[in-house]
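S.K.: Take this structure, written in structure tokens, and hold onto it; I'll ask about it next.
The values are calculated or read from the model by the stated rules, or taken from the named source; none is laboratory data. Since we're looking at a predicted model, the values are computed, not measured. A quick note on method: Cβ atoms are made from the backbone with ideal geometry, for glycine too, and the neighbour counts reach across all protein chains shown.
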Amino acid sequence: MKKSAIVDLAILGAAAIAITGCDNKAQVQTCVDQNNVVQDDRNCEQSDQLKAQYAQIPPRPVPYWWYYHWVYGGTSRDDHGGGYVPYGHSAIIDGGRMSPEPDVPAMRASQAISSGETISDGHAAFGGFGAAGEAVGEAGVLGVASEAPNLPTTRGVATHHSESRLGIFYVGGWFIVFGRRQLLRIHRC
Amino acid sequence: MCLAAGQHIIGHNLFERLGISAISAKLIRESWESEPPSIYGRFDLAFDGSQVKILEYNADTPTCLLEASVVQWNWLRDNFPHADQFNSIHDRLIAKWKELLQYCGSRLYFACLRGPTTEDVMTVTYLADTAVQAGHEVRLLEMKQIGHDGRRFVTPDNQPIRSIFKLYPWEWMVGEEFGSRLEQARLSTDWIEPIWKMMFSNKGILPILWNMFQYDDLLLPAFFEDDYRKESLTEYCRKPLLGREGKNVSLHTATGDSGRDGENDGRGYIYQAIAAIPEFNGRFPVIGSWVIDGESAGIGIRESASQITDNTSRFVPHLFIPNVEPSA
């Protein structure tokens, strides 16, 4: 069928690098509980603060917040089934590290879509959409905990990145990022 | 056929049959009449080498878009440059966004849930990318970042949302806290896909299509749960009205029953005759036929280890060799 010879992807091309973690540019930081089930970042943030306050040894009985911790890298899995189901916070992270890899910046999985974080002056209510995904607790198809970079909000982005001609492929646990004529990078995430 | 079926649902007030509330039905009627823009949808088709049968229509939140549009195209260009592919998805998306430049206002928003997996973010980011290439200014939001100021839907910095693409099922939206505000804000925000897609993403469209067009070769016999004619099906597939990703779908064949469990939402099932899906080395391919702006735009193939295609299916690129004109 007639179509452009080359498919240009500006935003996604840039996002793919961050998503796949290729080039070791970033490692994904995900908040999980004691069963490695993904949880809201706020749990880990709170846990970090409280752990710092309580210092070395957790008091008895161990409080629930003690179990929240960050995982760096790893892959997510979910046993739900085809079509589309938005991901919630019930995916399980396999593998990964308990501490960040040195010299590699960590990015939070929860910031995958991160523009517009500023909360308004209180006149508007927020959070009225998006609850079902968490309640149902299903994950999407394949992939890893990820983050896309902040996306620009101005016109002309495609021009700036017009040389980005990337494709990405997920095969058997491998992300393959390739360009117009050559395989650019294979990365086990 | 689907458009005729939609008109039939509205004309005969069949919303309750589909488990759609009266409030949602009102919004659907209004949306149907005002014809807001629709970008895409995906028919899942069974093909046994001679006949094509419609398995279902993913009208509201189809994914596997990037794989079909870009990844398999790059695979073709890199490996088989002289072959061709059923694929103009990318170009048609850009063309549709260009058409909507005036309609969508100064900024076009895209929203989905955030989370640890990439598929939703990737699909929405890809669509935003095509919109940018069409000349739109875009901004991505998390669904929870959509606010309501008492009159209209707004961004976290209180900017009114005039047009927004959402990768989030309508049946979930209408049931959530802001669902009750959709009617009040219906004139200030255009949602893409529009709410009338609820009629088509509902599996109840299948028996309605069968009732209306049962002599069409594309259709499989399909019946509602309370239709006695379902007894005529010796082998069938039972699907929930609002099922996704193969959840709660079960197959009943001469060789036994199989299926995928899931939470029963109590909204009922439909029964559909089983289509012949050929097996290739233990894999069952289903064709995802993309419709962009109302026209066929290309296909993607997913292979599953069973006849129920789920989210562990593998995307397989395709090609065809163009016919060579006979020399004079």
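S.K.: Which of the residues belonging to the range B:250-278 are at pLDDT 80 or above, surrounded by 12 or more Cβ atoms within 10 Å (Cβ to Cβ) and either in a loop (DSSP other than H, G, I, E, B) or of a type in the set (D, E, K, R) (or both)?
M.R.: B:268, B:274, B:275, B:276, B:277 - these are the residues of the range B:250-278 that are at pLDDT 80 or above, surrounded by 12 or more Cβ atoms within 10 Å (Cβ to Cβ) and either in a loop (DSSP other than H, G, I, E, B) or of a type in the set (D, E, K, R) (or both).
S.K.: Quick one: is residue B:58 modelled with pLDDT of 90 or more, within 8 Å of chain A (Cβ to nearest Cβ) and under 22 Å from residue B:284 (Cβ atoms)? So that I can check it myself, show each step before the final result.
M.R.: Numbers: modelled with pLDDT of 90 or more: yes; within 8 Å of chain A (Cβ to nearest Cβ): yes; under 22 Å from residue B:284 (Cβ atoms): yes.
Yes.
S.K.: Kindly check whether there is at least one residue in the range B:155-162 that is more than 7 Å from chain A (Cβ to nearest Cβ) and within 20 Å of residue B:64 (Cα to Cα).
M.R.: Of the residues in the range B:155-162, the ones more than 7 Å from chain A (Cβ to nearest Cβ) are B:159-162.
Adding the requirement that they be within 20 Å of residue B:64 (Cα to Cα) leaves none.
No, the range B:155-162 contains no residue that is more than 7 Å from chain A (Cβ to nearest Cβ) and within 20 Å of residue B:64 (Cα to Cα).
S.K.: How do the helices (runs of 4 or more DSSP H) wholly within the range B:170-248 filter down when requiring 3 or more residues that are within 14 Å of residue B:27 (Cβ to Cβ): which remain?
M.R.: Working: elements: B:170-173, B:198-201, B:205-213.
Where helices (runs of 4 or more DSSP H) fall fully within the range B:170-248 and carry at least 3 residues being within 14 Å of residue B:27 (Cβ to Cβ), they are B:170-173.
S.K.: Also, I was wondering about something else. Regarding the range B:1-10, can at least one residue be identified that is assigned to a loop (DSSP other than H, G, I, E, B), in contact with a Gly (Cβ under 9 Å, 6 or more places away or on another chain) and not aromatic (Phe, Trp, Tyr)?
M.R.: No, because not a single residue in the range B:1-10 is assigned to a loop (DSSP other than H, G, I, E, B), in contact with a Gly (Cβ under 9 Å, 6 or more places away or on another chain) and not aromatic (Phe, Trp, Tyr).
S.K.: Restricting attention to the range B:8-37, which residues are in contact (Cβ under 8 Å) with a residue 12 or more places away in the chain and polar (S, T, N, Q)?
M.R.: From the range B:8-37, those in contact (Cβ under 8 Å) with a residue 12 or more places away in the chain are B:8-10, B:13-15, B:17-21, B:23-32, B:36-37; that's our starting set.
Selection gives B:13, B:21, B:24, B:31.
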